[in-house]
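Reading through the structure tokens given below for one structure.
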């Protein structure tokens, strides 16, 4: 039987296939886009790790912990007084990442208190509407600012080795 819909082009022409030049141009565009995305992602990871390293060092923790994926979120939550195992929520699709972000905001608020910042120091959660720019500003202000870590302010830190939290990993004086 004859079907009128498939043989009539409606004045737009046929779109059966893409030419080789169009296909190679599309592939080149997608590869360039992927490369730029990877460069941006690596740059953001390096910048947040550097700022987190400075925050961890202010708290008396080794800076290398900021460079380990997932573990850095674990320590960040512990510094804020929350259980670090909650960082594994990021492995749950959709809702887990949202809940983790909310906990990270609460942790950032507690870390701000320990660094002597006011309760209005809320640049971290505003990163949602600023595509992470204010979160980066918060990390760098907290890490590179002149404020010192005071563990007695805010919730008690659960991170082992912090200055006033648990026992630090220092060598006793008699073993030197």
Less than 12 Å from a label point 7 Å out along the Cα-to-Cβ axis of residue 18: which backbone N atoms in the range 26-63 qualify, by residue?
26-31
Once normalised by the length of the range 74-156, the mean sequence separation of its alpha carbon contacts under 8 Å that are 6 or more apart gives a contact order in percent of 27 percent
Starting from the Cα gyration tensor of the range 57-98, multiply each eigenvalue by 5, take the square root, and state the resulting semi-axes largest first in whole Å.
21, 11, 6
Full-extension gain in nm, residue 70 to residue 126, via 0.36 nm per residue minus C-alpha separation:
18.0 nm
Which FRET efficiency value, to the nearest 0.05, is calculated for residue 141 and residue 46 with the Förster distance at 22 angstrom and r the Cβ-Cβ distance?
0.80
Estimated FRET transfer efficiency when R0 is 25 angstrom, pair residue 98-residue 38 (beta carbons, to 0.05):
0.50
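We did not get these values from a lab; they are worked out from the coordinates using the rules stated. Keep in mind that this is a model prediction, so the values were computed, not measured. Cβ: placed from backbone, ideal geometry, glycine included. Neighbour counts: every protein chain shown.
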